[in-house]
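Read the structure below first, then the notes.
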Amino acid sequence: MKTTIPLPRPSPSRLMKRLDELGAVSSAEDGLTRLYLSEAHRRAAALVRGWMEQAGLETRIDDAGTVCGVLAGAPGNARRLLLGSHIDSVPRAGKFDGCLGVVAAIEAIDILASRGVRLPYAVEVLAFGDEEGVRFPVTLTGARAVAGTFSPASLAAVDADGITLERALRAFGCDPAGVALIGRQREDVFGYLELHIEQGPVLESEGLAVGVVTAISAAQRSMLEFAGKAGHAGTVPMRLRQDVFAALAELAVAIRAIALRQEGVVATIGMVDLPRGAVNVIPSQLRCSLDLRAASDALLAEASRAVAEAIAAASQAHGVGISQRVTYESPATTCAPGLQQAFAEAVARTGLAPRFLPSGAGHDGVALAARWPIGMLFVRCKGGVSHHPDEYVAAEDAQLATDILADTLTRLTG
């Protein structure tokens, strides 16, 4: 009987150690905060670039701040597969969102190298920096640049400190004029794969370590501006007030009801700014965000219309002006059936039954799907918690997903 001796490969401990190391790169001391083009982003990019070079990739940081690492394919085959995710974060984030996909892609390349596997096609690992879209009122800048769909008008976007995206790119060492020139040629790339934590409870509830993503939900982000009339908190009768916060409260309840009555729709007011507020003054100005997501474009359009009606009703009822400015829209994105199947077959080869599920969160793949087929593999996360310091993925699950990614790479032909 022939005995097969397993070949060496990177260990789960190295994978998790790198995630710990990357998770420590933050601009805040009370959790991971790494905004796009910040100093923390710069340090994280340098760290990831070093790991790419250790894995034998030829690296650079492009004009959108994306870390790019290329592994050449067989001679005569210039076609490439894109891999990766993002390394920016929301404030007080977890260390796995995005970062797991970047580190796992690098580790997958190392796994194949340890087995002496040479892929027939080239691989480009990408560590994007603007997936979360929390610093500027734009998002997916890096992925849009790679896809060739970046709008130069976005360079005028301004963050909370009055810094434009153009200025922030220059400070990062990028050429803003070059962002629109980053796009890969359609014929040079045959797909994009991303490994990502689920950011939800489905896999854990079913006792499954991984799942194959079928589609990414449609999304719309808006900023709402309220304009009322200030007044003394003790002298203006309730019926005569133009209270912007009261209008927001009523609108928030209405928006929640809209999402509850439409299966597959979620709505979030995640940011509220009440300038010049005081304990004894009726607020007259307010600004808030609105994040709408739905399982289909039709559902999102229906929810958006209902929200517009609720805005008009709250405005009339409270005598305040409410304007809505859409800052981001993304249609529902279907993962390519062929890449879904490739992931499913790799999952089955581990002895697990493939589980197919949609993603309610947005991903860099949304931008890349405008030009190429995309595929995603979800990894179970504890309690479905994400965008929070308690975000957690078991080392065994992370390594299993990385192994599945590596196996999938060996089955694709380019």
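The values are calculated or read from the model by the stated rules, or taken from the named source; none is laboratory data. Here the structure is a predicted model, which is why all the values come from computation and not from measurement. Because the Cβ atoms are built from the backbone with ideal geometry, glycine has one as well, and the counts that use them run over all protein chains shown.
Do we find a residue being within 28 Å of ASP291 (Cβ to Cβ) and charged (D, E, K, R) anywhere in segment 363-374? Scanning segment 363-374 turns up at least one residue that is within 28 Å of ASP291 (Cβ to Cβ) and charged (D, E, K, R).
A quick yes/no check of all residues on (1) outside the structural domain of VAL202 (by TED's automatic domain parsing); (2) modelled with pLDDT under 95; (3) over 27 Å from SER205 (Cα atoms):
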| site | (1), (2), (3) |
| --- | --- |
| SER296 | yes, yes, no |
| ALA303 | yes, no, yes |
| ALA306 | yes, no, yes |
| ALA312 | yes, no, yes |
| GLY319 | yes, no, yes |
| GLN341 | no, no, no |
| ARG355 | no, no, no |
| SER359 | no, yes, no |
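For segment 365-374, indicate whether the set of residues that are in a strand (DSSP E or B), at pLDDT below 95 and under 30 Å from TYR121 (Cα atoms) is non-empty. Steps first, please.
Of segment 365-374, the ones in a strand (DSSP E or B) are 374.
Those still in the list that are at pLDDT below 95 too: none.
The answer is no, given that none of the residues of segment 365-374 is in a strand (DSSP E or B), at pLDDT below 95 and under 30 Å from TYR121 (Cα atoms).
Just one of (1) of a type in the set (Phe, Trp, Tyr); (2) part of a helix (DSSP H, G or I); (3) more than 23 Å from THR410 (Cβ to Cβ) trips up PHE96, so point out which. Among (1) of a type in the set (Phe, Trp, Tyr); (2) part of a helix (DSSP H, G or I); (3) more than 23 Å from THR410 (Cβ to Cβ), PHE96 violates only (2).
Listed by position, the strands (runs of 3 or more DSSP E) inside segment 179-238 whose residues that are within 30 Å of LEU400 (Cα to Cα) number at least 3 are 189-197, 210-216. Taken over segment 144-202, the criterion of being within 30 Å of ARG355 (Cβ to Cβ) and of a type in the set (Asp, Glu) is satisfied by GLU194, GLU198. Taking residues in segment 178-199 that are farther than 20 Å from ALA336 by Cβ and among the β-branched types (Val, Ile, Thr), and partners anywhere that are at pLDDT 95 or above and surrounded by fewer than 15 Cβ atoms within 10 Å (Cβ to Cβ), the pairs with Cβ atoms closer than 8 Å and at least 6 places apart or on different chains are VAL179/PRO152.
Name the residues in segment 10-31 that are touching an Asp or Glu at 6+ places or on another chain (Cβ under 9 Å) and either among the basic types (Lys, Arg) or in contact (Cβ under 8 Å) with a residue 40 or more places away in the chain (or both), would you?
Hits for segment 10-31 are PRO10, PRO12, ARG14, LEU15, ARG18.
Annotation: of all residues in segment 164-219 being surrounded by fewer than 14 Cβ atoms within 10 Å (Cβ to Cβ) and of a type in the set (Lys, Arg), the one that is farthest from GLY65 (Cα to Cα) is ARG186.
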